[in-house]
Each structure stands twice: as C-alpha cells, then as structure tokens.
1. Within the stretch 1-66, considering only helices (runs of 4 or more DSSP H) that don't extend past its boundaries, which have at least 1 residues that are in contact with a helix residue (DSSP H, G or I) (Cβ under 7 Å, 6 or more places away or on another chain) and at pLDDT 95 or above?
2. Being loosely packed, with under 10 Cβ neighbours inside 10 Å and at negative phi narrows it down to one of 54, 33, so name that one.
C-alpha cells in the first residue's frame with residue numbers, strides 16, 4: 001500500500017479513501033493510482049478524438065455548409 005501511494009504521489013490516507021470509494025477524492029488522484037498500478041495504458045485512448053466517430057460527426061454538423069466542401 002505504501003509503495004502504491006508513493007508511486008502515485010499521494011498520501012496513504014488518500015489511497016485508503018480511494019480503496020473505500022470515497023467520492024471526495026479527486027479524479028486526478030484516482031488516475032494517479034491507476035497509472036501507478038500499471039493499468040493506465042488502456043485509458044490513454046479514452047479521449048482520442050481520432051477514435052470518436054460520433055464526436056467527429058457532431059463537429060462536421062456544426063461546420064457551415066459552405067465551409068464543408070473546402071479541402072485544405
């Protein structure tokens with residue numbers, strides 16, 4: 001437990017709160033623990049816009065029609 005807290009850069013008390021599911025702990029601390037445990041690699045693509053087809057379609061809809069046909 002001490003090693004995980006040290007690797008995550010948080011206190012043992014904060015790690016204990018995370019283990020108990022305390023909603024008052026910041027999401028950044030949760031992420032630090034996930035990466036300290038070596039589980040963060042799968043999360044790296046979570047916000048990858050190139051994989052977000054719905055987001056890309058919504059962005060495309062927001063572009064004025066006259067600008068959609070212009071290719072850079």
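The values are calculated or read from the model by the stated rules, or taken from the named source; none is laboratory data. These numbers come from a predicted model, not from an experiment. Reconstructed Cβ throughout: ideal geometry from the backbone, glycine too, with neighbour counts over all protein chains shown.
1. 2-8, 12-19, 27-36
2. Testing whether each residue is loosely packed, with under 10 Cβ neighbours inside 10 Å and at negative phi leaves just 54.
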